[in-house]
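Engineer: Pasting a structure here, questions to come.
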Amino acid sequence: MLRLLLQELRFRITGIIGWGIGLSMFPVIYVGMYPSFAEEMAGFQDLLDMAIYQAMGITMGSFEGFIASTVTNLVPVILCIYAVINATGTLAGEEDDGRLELIVSLPIPRWQIVAVKAVALGISLLGILLIVASGAALTMEAITLPIETNVTSMDVFVSVLAAWPLAMAVGMISFFLGAFSPNRRIASVIATVVVLVSYLGSNLTGLIASLENIEHFFLFHYYEATAEALEVGQQTGNTAALLLIALVAFGLTLIFFQRRNITVGAWPWQRGVISR
Amino acid sequence: MTEYAIETKKLSLYYGRHRGILDVDLCVEKGDIFGFLGPNGAGKTTTQRVLMDIIRPTAGEASIFGKDSHKDGVTVRERIGYLPGELSLYDNMTARRFFKMYYSLQRNNTDPGYWKKLANRLGLDTSRKIRQCSSGNKQKVGIVAAFMNKPDLLILDEPTSGLDPLVKQTVMELLREANQAGATVFFSSHILSEVQAVCNRVAIIRDGQLVATERVEDLTTQHFKRIRFNFANTPPPDAFTREGVVETSRDDAGVTLEVYSHLDQLMEKATSFGITDIETIPVSLEEIFLAYYGKGNGDNNA
C-alpha cells in the first residue's frame, strides 16, 4: 500500500510544485503590492461596500480585509478547481484513458486503491497550500507595512492552510463523482457546478436574509474568508463539518468503486439486465 | 479429477440490455495453452475482464484455480499475469521505471531482474519514455509486465497485436517456455495460424456464446474433412450434391469435397466413377474458424 502511495505521489509531484508556485503568486503579488496602494484602498471602501463585491466576499478597506479578500478568499476557490481536476482525473480519468484497468488487475484490493489515491490527493492539496502559505508568510515578512495591524505572518500562514478541509471536501466529492458517474467529463461538470454554486450561494445567503435557512447546503458556508477569521482562525465546528463531508464522500467512493464495472462507463443503475 | 485453471459456469454479462457474453461454460485445464477465438465484439475481452474481476458478471460464476474470481480476486490475481487488449500505460515514465513500479506492486515476487531478460529478448529499449515508444514497443512493455512475475496463469488479450513477425515469433516462444515451466496460458487472438501453432486447445466464441471448445487437432480433423478424388470417369456436376457434402473445386482429373457427414455413402458414390487416387487435405484452424463465422453463420454442416 505504501508503494502505491509513493507512486501516486511521484505522479503528482510536478503538479504540486507547479500549482503551489502558480497559486502562491496570488499572495506574493497581493501582499507585496499592498504597501504601495494601502491609502488608495481605504478610499475605495464605499465602492467595495456594494452588494456585488460583498457577494464575492471582497472587503478591502483594511489590511485584514484585503488579505481575506485576495488571499484567503480566492486561493481556496482556485484550489477547489485543482481538487476537481485532480480528483476526477484520478479514478474517472484513469478509467477513461485505460490505465486503471492495469492497476485493478494487480493483486490489490479496490478499497486500497481508493484509499491510497484519496490520501495522495489530500497530501497534494496540503503540499500546494504549504507552498502558498509559505509564499504569503515570507512576503509579509519581507514587506514593511505602512499601517498598524494585529495580523502576523503566522496568522496568514495558518489561514491559508485552513482552506485544506474545504479543498478536501471538494476533492472527495469530486472523487465520489468519478466513481459514480460514467466518465470524467460528467464528473468534472457536476463537481465544478457544486463548487461554483457553493461559492456564490454561500456569499448570497450572507447578504439575503430570506436565504439564510439554506446556507448550510453550501460548502463555502463552512469556510470563513473574513478579516476576523484571519485573526482568530476557522470555527472548529465548521472545520469538523467539512472533514465529515469529506469522510462521507470518501465512504461513498469506496462503496461505488467497489461495485463499479471498470472500463464500461455506466451509471450505477445501468447494470446489466439479462434479456434472452 | 481434472484440475482447472479457469472454469466458468453459465457466465453472462449484459451491458444494460446489450449482450456481452451469454451462458459461457469454459474450462481451461492446468497446463493448457488455450486459444480464445472470435471476431471483434464476440465477447473475448469481456470474458477476460470478468475473469480479472475488472467487470462483474450479470449471472453465472467464474473461478480461477478453484477460487471465485471476484470474492477471492486479490488472492487469485497474485497468480495471474494480464495483458489488456486496449493497453494504456503511464506515458511520462520510462519503460524501466514502469517495470520497477509494476514489479513492486505485485505479490509473490520471485525474480526482480526477470523483466530485464524479457525486455532484452523482445528488443525493447527500456530507457525511453513510454510516450516515445511506437505502438509495437508499448505492446512489448505490456507483454513484459504480464510475464515479469512468472505467473501461474497468463491471460493475454491479443498479445501479438501490433508486433512485427520476428517479435511475434519471440512472444510465441515465451508462451511455450512459460507453459513448459508450468504456467497455463489463456489468450485471445485473430491470428489463427499462431493459435494453431502454439495452442493445444481452443474455444470459439460467437455473439457472446461459446460455439466450440476442443483440442486443436480434434477441431481440425473432426469438424470436416477435405478430400480430393481423382476419377477414371469424370462425374457429372451434381454427382456429389447431397447432405453433408460440399464440392469446393473441380478439374479434368477430379473433384475436391468438404465432407461433414455421410462419408460412407460418399465413398460408395465415388467408387462408381472409378477412383484413381484419393488424398485427404489438411484443414487449417483458419478454415474451421471461417466455417463457423463465414458461410451460413457456422451452421454449414447440414
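Engineer: Given the conditions (1) surrounded by fewer than 16 Cβ atoms within 10 Å (Cβ to Cβ); (2) closer than 28 Å to B:ILE204 by Cα, and given that B:VAL283 satisfies all but one, which numbered condition is not satisfied?
Structural biologist: It fails just one condition, (1).
Engineer: Could you tell me whether B:LEU89 is closer than 29 Å to A:ALA179 by Cα, open to solvent by less than 40 Å² (accessible area, probe 1.4 Å) and in a loop (DSSP other than H, G, I, E, B)?
Structural biologist: For B:LEU89, the condition - closer than 29 Å to A:ALA179 by Cα, open to solvent by less than 40 Å² (accessible area, probe 1.4 Å) and in a loop (DSSP other than H, G, I, E, B) - is met.
Engineer: Out of all the residues in segment B:55-70, which are of a type outside the set (A, V, I, L, M) and within 12 Å of chain A (Cβ to nearest Cβ)?
Structural biologist: B:ARG56, B:PRO57, B:THR58, B:GLY60, B:SER69, B:HIS70 - these are the residues of segment B:55-70 that are of a type outside the set (A, V, I, L, M) and within 12 Å of chain A (Cβ to nearest Cβ).
Engineer: What tally of residues in segment B:75-86 results from selecting those that are of a type outside the set (Phe, Trp, Tyr) and either open to solvent by 20 Å² or more (accessible area, probe 1.4 Å) or within 7 Å of chain A (Cβ to nearest Cβ) (or both)?
Structural biologist: The qualifying residues number 7.
Engineer: Suppose we filter segment A:184-223 for residues that are open to solvent by less than 50 Å² (accessible area, probe 1.4 Å) and either farther than 20 Å from A:LEU79 by Cα or free of Cβ contacts under 8 Å to residues at least 12 places away in the same chain (or both); how many remain?
Structural biologist: So the count comes out to 2.
Engineer: Could you check segment A:225-259 and list, in sequence order, the residues that are open to solvent by less than 50 Å² (accessible area, probe 1.4 Å) and farther than 30 Å from A:GLN112 by Cβ?
Structural biologist: A:ALA225, A:ALA227, A:ALA229, A:LEU230, A:GLY233, A:GLN234, A:ASN238
Engineer: Consider only pairs whose beta carbons are under 7 Å apart and that are at least six residues apart or on different chains; among these, list those whose first residue lies in segment B:34-53 and is more than 10 Å from chain A (Cβ to nearest Cβ) and within 19 Å of A:SER105 (Cβ to Cβ) and whose second residue is assigned to a loop (DSSP other than H, G, I, E, B) and of a type in the set (A, V, I, L, M, F, W, C).
Structural biologist: Partner pairs satisfying both residue conditions: B:PHE34/B:CYS199.
Engineer: If I go through segment B:266-294 residue by residue, how many of them are within 22 Å of B:ASP252 (Cα to Cα) and in contact with an Asp or Glu (Cβ under 9 Å, 6 or more places away or on another chain)?
Structural biologist: 0
Engineer: Exactly one condition in (1) away from chain A (no Cβ under 13 Å); (2) touching a helix residue (DSSP H, G or I) at 6+ places or on another chain (Cβ under 9 Å); (3) aromatic (Phe, Trp, Tyr) is false for B:PHE99; which is it?
Structural biologist: Of the numbered conditions (1) away from chain A (no Cβ under 13 Å); (2) touching a helix residue (DSSP H, G or I) at 6+ places or on another chain (Cβ under 9 Å); (3) aromatic (Phe, Trp, Tyr), the odd one out for B:PHE99 is (1).
So that you can scan it fast, the table gives a plain yes or no per residue for (1) open to solvent by 10 Å² or more (accessible area, probe 1.4 Å); (2) within 14 Å of another protein chain (Cβ to nearest Cβ); (3) among the hydrophobic types (A, V, I, L, M, F, W, C):
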residue	(1), (2), (3)
B:LYS116	yes, no, no
B:VAL141	no, yes, yes
B:GLN169	yes, no, no
B:LEU175	no, no, yes
B:GLN180	yes, no, no
B:SER189	no, no, no
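Engineer: Where in segment B:113-215 are there helices (runs of 4 or more DSSP H), lying wholly inside it, with at least 3 residues that are free of Cβ contacts under 8 Å to residues at least 60 places away in the same chain and of a type in the set (D, E, K, R)? Explain how you work it out, then say what you get.
Structural biologist: Working: elements: B:114-122, B:135-147, B:165-180, B:192-198.
Counting at least 3 such residues, we get B:114-122, B:165-180.
Engineer: Is it the case that segment A:76-92 has a residue that's over 26 Å from A:PHE11 (Cα atoms) and open to solvent by less than 20 Å² (accessible area, probe 1.4 Å)?
Structural biologist: No, because not a single residue in segment A:76-92 is over 26 Å from A:PHE11 (Cα atoms) and open to solvent by less than 20 Å² (accessible area, probe 1.4 Å).
Engineer: Determine if segment A:212-221 includes at least one residue that is closer than 22 Å to A:ASP155 by Cα, of a type outside the set (D, E, K, R) and in a helix (DSSP H, G or I).
Structural biologist: Within segment A:212-221, one or more residues are closer than 22 Å to A:ASP155 by Cα, of a type outside the set (D, E, K, R) and in a helix (DSSP H, G or I).
Engineer: Anything in segment A:101-160 that is within 17 Å of the chain's Cα centre (by Cα) and surrounded by fewer than 17 Cβ atoms within 10 Å (Cβ to Cβ)? List them, or say none.
Structural biologist: Listed by number, the residues that qualify are A:VAL119, A:ILE123, A:LEU126, A:VAL158.
The values are calculated or read from the model by the stated rules, or taken from the named source; none is laboratory data. Nothing here was measured: the structure is a model prediction, and the numbers come from that model. FYI the Cβ positions are ideal-geometry reconstructions off the backbone, even for glycines, and counts take in every protein chain you see. Surface accessibility is based on the protein's heavy atoms, side chains included, excluding ligands, DNA and RNA. Shrake-Rupley method; radii C 1.70, N 1.55, O 1.52, S 1.80 Å.
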